[in-house]
Amino acid sequence: MTDLWQNAMDHAVALAKKAGSLVRDAVQNDMKVMLKSSSVDLVTKTDQMVEQLIIDSVKEKFPTHSFIGEESVAAGEPCVLTDNPTWIVDPVDGTTNFVHGYPFVAVSIGFAVNRKLEFGVVYSCIEDKMYTARKGKGAFCNGLLLNVSDQKEISQSIIATEFGSNRDTEVVDKIFSSMRKILCLPIHGIRGVGTAATNMCLVASGCVEAYYEIGIHCWDIAAGAIIVTEAGGVLMDVDGTSLYIPDST
Ligand code: IPD
Ligand code: CA
């Protein structure tokens, strides 16, 4: 069993590299931008093509495995996490960055068995940084071991967050009121690179102390979640309870 997941992880790393190289090439070219839930929720042909490539390859190599992917769910596939080995994929995390040529875009592949994450792979493809973690075996970036920050004082911290793609006034107000409270603690600063997966990898790397976001999806955080925990971090919901990788958006 153990070897099987290692095979799957090796395959995920290879797929992330291939996908990342397609994404890098596509950044140079004109792209057709389409809209999903709102005028700021963007998707491109590259997002869809990369997800299809990952699905096809996983189906061929691991025909019994299940799949949850951002673009498949957008196209009407169910978003249900079962006990079956499941690949949880965001083919292009940071689509807005991708569209604008802002240099942080990641391919994010999480893998869960019995609803528990076994490994995560986040390839920050413009920076060429491959983040990986396997349950019980630590988290790495390009082969170097990662550890979360040991800073205990929030006033000495940098906190990452994002604005998401909901522009309803109440949601935006909530985002700004939380940011205001945190900033005025005070903390050293607030950052956010435009991809949830990469923000989580920055937590795992210890250069930001925490990352939070209102309204995140399972494909944004599945891979990053195990990378953070394997680097010694914790995940929690807003009420302090442990964060469950959800089975619906
Ligand atoms: C988005 C990015 C962004 C976060 C959004 C996500 P996408 O993913 O991770 O940083 O704020 O909540 O949906 O749409 O670029 O894959
Ligand atoms: Ca995406």
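The values are calculated or read from the model by the stated rules, or taken from the named source; none is laboratory data. For clarity, every value in this text was computed on a predicted model and none was experimentally measured. Counting neighbours? That spans all protein chains shown, and the Cβs are built from the backbone with ideal geometry, glycine included. Each accessible area value is taken on the protein alone, full model and side chains, heavy atoms only, with ligands, DNA and RNA left out. Shrake-Rupley method; radii C 1.70, N 1.55, O 1.52, S 1.80 Å.
A few remarks follow.
- Residue within the range 60-71 that is over 23 Å from L243 (Cβ atoms), within 15 Å of ligand 2 (Cβ to nearest atom) and either within 13 Å of the chain's Cα centre (by Cα) or outside any helix (DSSP H, G or I) (or both) present: no
- Yes/no for E162 being in the same structural domain as L22 (by TED's automatic domain parsing), at pLDDT 95 or above and not small (G, A, S): no
- The single residue among I216, I226 that is closer than 21 Å to V89 by Cα, open to solvent by 30 Å² or more (accessible area, probe 1.4 Å) and either among the hydrophobic types (A, V, I, L, M, F, W, C) or touching a residue at least 60 places away in the same chain (Cβ under 8 Å) (or both) turns out to be I216.
- If you go through the range 26-43 and keep only what is assigned to a loop (DSSP other than H, G, I, E, B), within 10 Å of V99 (Cα to Cα) and within 14 Å of ligand 1 (Cβ to nearest atom), you end up with just M31.
- Residues of the range 72-100 that are away from ligand 2 (no atom under 14 Å from the Cβ) and under 23 Å from K116 (Cβ atoms): E77, P78, V80, L81, T82, D83, N84, P85, T86, W87.
- Some residue of the range 173-194 being part of a helix (DSSP H, G or I), touching a helix residue (DSSP H, G or I) at 6+ places or on another chain (Cβ under 6 Å) and in contact (Cβ under 8 Å) with a residue 60 or more places away in the chain: no
- If you go through the range 108-122 and pick out every residue that is within 14 Å of ligand 1 (Cβ to nearest atom) and either closer than 19 Å to G192 by Cβ or open to solvent by 20 Å² or more (accessible area, probe 1.4 Å) (or both), you end up with 2.
- Scanning the range 72-100 for residues that are part of a loop (DSSP other than H, G, I, E, B) and within 25 Å of R24 (Cβ to Cβ) yields a count of 2.
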